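These notes are about the structure you will find just below.
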Amino acid sequence: MKKWFKVGKIVNTHGIRGEVRVISTTDFEEERYANGSELFIEHPDLKEMIAVVVETHRKHKNFDLLTFEGYTNISQVEKFKGATLKVSEDALGELNEGEFYYHEIIGCHVFTKDGLELGKIIEVLSPGANDVWVIQPKTGGKDILIPYIDEVVKEVNVVEKKVTIELLEGLI
């Protein structure tokens, strides 16, 4: 059985020429949305996923704007609003050392260098220069945000689902 990974969400259409507005959840936008890339659209109203091929990609504000081959007007893509864009595990490439896919990080338990468990990573945000990992505290309360930078994240073991961090002043 094939595994599928979310790379974005279609939140709206853009213009009248079949462009869709996507909130991206991938660090590899250039690769995922490259001309000729195959993506799969999953929507609750559709019986099965639809394979599409990216024709164009451009950035606009905080969105990725995509068009798909064979979809040339707004009426053809309106049904995709609210859909999830996915790739199959076959499309995942090898990463360099220190690089991880979101699905490898989400679910990891976070510990301080002293062995204190802070909680579990529930989301990865990409607001700018570096990713921010959202930790749901083990003790409850407000989520903890940690930047994915060398000064904070000391060790990542995706096999054991364990991350070790150095708690810098002001992080929690």
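What the table shows:
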read-out: Calculated FRET value between Gln76 and Ser126, using beta carbons and R₀ = 25 Å, to 0.05; value: 0.25
read-out: Most fluctuating residue given options His43, His103, His60, as computed from a GNM of the chain linking Cα atoms under 10 Å; value: His60
read-out: Antiparallel bridge percentage (DSSP; both residues within region 102-165; nearest 5); value: 80
read-out: Helical contribution to [θ] at 222 nm, DSSP H n ≥ 4, -39,500 (n - 2.57), averaged over the chain, rounded to 500; value: -1000 deg cm²/dmol
read-out: Cross-link pairs beyond the 30 Å C-alpha cut-off, checked among Lys142/Lys162; Lys59/Lys154; Lys9/Lys120; value: Lys59/Lys154
read-out: Cα-centred dipole magnitude for the chain, charges only on beta-carbon of K, R (+1) and D, E (-1), debye, nearest 20; value: 800
read-out: Sparsely packed GluC sites (Glu not before Pro) within region 139-172, loop by DSSP, other Cβ within 10 Å at most 15; value: Glu151, Glu160, Glu166, Glu169
read-out: Additional length obtainable on full extension of the chain from Asp150 to Lys113, 0.36 nm per residue less Cα span; value: 12.0 nm
read-out: Low-density loop cleavage sites - trypsin sites (Lys or Arg not before Pro) in region 17-122, where at most 12 other Cβ are within 10 Å (DSSP); value: Lys47, Lys61, Lys113
read-out: Stokes-Einstein D (µm²/s) once Rh is taken as the Kirkwood radius of region 4-102 over alpha-carbon pairs, at 37 °C in 0.692 mPa s; value: 241
read-out: 10 Å binning of all Cα-Cα separations within region 15-61, expressed as whole percents from 0 upward; value: 22, 54, 24, 0
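Coordinate-derived values only; no laboratory data. Computed from a prediction, not measured in an experiment: that's the story for all the values here. Here Cβ is always computed from backbone atoms with ideal geometry, including for glycine, and neighbour counts include all displayed protein chains.
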